[in-house]
Amino acid sequence: MCGPVRSKDYGNDVLSGEWRRPRKGQIPEIPAEPGLVAEDPDSGFCGAVVACDKFGVTLEDRFGKRRVFPLTKSGFLIDGKPVTLVRPEAAAAAGAPASRRSASGSIAVQGLRARVAKESRIYVEGVHDAELVEKIWGHDLRVEGVVVEYLEGVDDLPAIVEEFAPDEGRRLGVLVDHLVEGSKESRIAARVSSPHVLITGHPFIDVWEAVKPAAVGIPAWPRVPRGVPWKEGVLDALGWDDNVGAAWKRILGSVNTYTDLEPALLGRVEELIDFVTAP
C-alpha cells in the first residue's frame, strides 16, 4: 500500500511552544518512566523508554529496535528540548515531582485554562475521528486554542475549503481517511491547492483501524470483502453485536494514550496541529 498523500510540506514543530520550554538556564530532570519518548541528539535515535537502571536507559523505536544510552547530563531531547533523564527511583528519593504527561505524550500543563479559539481549524471526516482526536490530543488543542470539527465525508471538500476562505492567519488542516495514491480521497484532495491548507491523512479505510488491535483485544482488524459496508463487515467478522455505536464506544474506551494508536495516524495529527498553530 502506498503512503499518505499530502497537499504540501510542513515546517518546524510549533506545537512545542512556550508552555513546553524550561525557564532560561534550566535543564529539567525527567524520570525515565516506561513509555516516555526521548531522542538521543547525537545519533538521532528516538524511542520510548522500556527500561532504566544504573547502566543506562533503554529506548525502543517504532520498529522494535532497542538501544541503551548512558544517563548523561542534558543527554536527551524531549519535544526538541534538552533534558536530563534520571532513574525514576532516584528522582523519587530526591523528592523531584514526576512529570505528568498528557495522553498525546506531551508535558501536561497544570491548571490549564483553554485559550480563546484561533480562527484556524482542523477538520476531520466524521464524529469518530473527532472523538479520537479529542481523547488523545484534547489537552494540546486546548493549550493551543485549536478547534476540531467534523465534515461527514470529504466529497464536497473543495467547496468547504472555499467557503472557509483560508488565509495566512486563518489556516485549515484536514485529516482524511484512506488517503493513498489512486484513491477517491486522494483525487479530491488534489483539487485543493491553497498554501494555507494542509490536507493529510492515514492509509486506513476507517479511523477504527488506526487503533492498534492489541489495545482492543483482537489479533488483527478483519479484511472486509469489497461490496460489504466496512464497519458492518468488521463487526460480523469479530462476532460483535451489530450496533456500530456500541462497538465504537468499546474501541474508544480501549484507547488511553498515543501508544494505543498506529504511528500512521499519530504523525498526521501532529502535522496538522503544527500547521494550524504556526506563527
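Taking a cut-off of 21 Å between Cα atoms, list the lysines near LYS73, but don't count ones fewer than 8 places away on the same chain.
Candidates past the 8-residue exclusion: LYS24, LYS54, LYS81.
Report the calculated FRET efficiency for ARG223 and LYS81 (r = Cβ-Cβ distance, R0 = 35 Å), to the nearest 0.05.
0.25
Just in the range 56-86: which trypsin sites (Lys or Arg not before Pro) are loop by DSSP and have at most 16 other Cβ atoms within 10 Å?
Sparse-neighbourhood loop trypsin sites (Lys or Arg not before Pro): ARG62, LYS65, LYS73.
Using the basic label-point model (7 angstrom from Cα toward the beta carbon), what is the ALA264 to GLU29 distance in nanometres?
Label-label distance for ALA264 and GLU29, simple model: 4.3 nm.
Summing Lys, Arg as +1 and Asp, Glu as -1, what charge do residues with Cβ under 12 Å from the Cβ of ASP260 carry, ASP260 excluded?
Net of charged neighbours comes to +1.
Using the structure shown, select from LYS65/LYS249; LYS65/LYS231; LYS135/LYS184; LYS135/LYS231; LYS118/LYS249 the pairs with a Cα to Cα distance greater than 26 angstrom.
Where the Cα-Cα span goes over 26 Å, the pairs concerned are LYS65/LYS249; LYS65/LYS231; LYS135/LYS184; LYS118/LYS249.
Applying the Karplus parametrisation 6.51 cos²θ - 1.76 cosθ + 1.60 with θ = phi - 60° to the phi angles of the range 76-83, what ³J(HN,Hα) value in whole Hz is obtained for each residue in order, glycine and proline being reported as x?
Whole-Hz 3J(HN,Hα) from phi for the range 76-83: 9, 10, 10, 6, x, 10, x, 9.
Kindly state, to the nearest 0.05, the FRET efficiency for GLU149 paired with ALA278, given R0 = 25 Å and r defined as their beta-carbon distance.
0.85
Mind pulling the per residue volume of the convex hull built on the Cα atoms of the range 124-175? Å³ is fine.
71 Å³
Tell me the net charge near LYS184. Cut-off is 15 Å between Cβ atoms, LYS184 excluded, with +1 for each Lys or Arg and -1 for each Asp or Glu.
Neighbour charge sum, excluding LYS184 itself: -4.
Would you grab the residues whose amide H sits under 5 Å from the one on LEU36? Only those 5+ places off in sequence or on another chain, please, with H modelled 1.01 Å from N.
VAL49
Could you go through the range 231-243 in sequence order and give the Karplus-derived ³J(HN,Hα) for each residue, using 6.51 cos²θ - 1.76 cosθ + 1.60 with θ = phi - 60°, rounded to whole Hz, and x for Gly and Pro?
Calculated HN-Hα couplings, in order: 4, 5, x, 5, 4, 5, 5, 7, x, 8, 4, 7, 8 Hz.
Say R0 is 35 Å: what FRET efficiency, to the nearest 0.05, do ASP61 and GLU89 get from their beta-carbon distance?
That gives a FRET efficiency of 0.90.
Roughly speaking, what is the stretch gain from TRP230 to VAL68, that is 0.36 nm per residue apart minus the C-alpha to C-alpha distance, in nm to one decimal?
54.1 nm is the gain from fully extending TRP230 to VAL68.
As an exercise, take the mean of 1/r over every pair of distinct alpha carbons in the range 148-255, invert it, and state the Kirkwood radius in angstroms.
Value: 15.8 Å, from the Cα pair sum.
Computed from the coordinates by the stated procedures, all read-outs in this text should not be read as laboratory data. It should be emphasised that the depicted structure is a prediction, and the values quoted were computed from it without experimental measurement. Cβ sites come from the backbone with ideal geometry, for glycine too, and all protein chains shown count toward neighbours.
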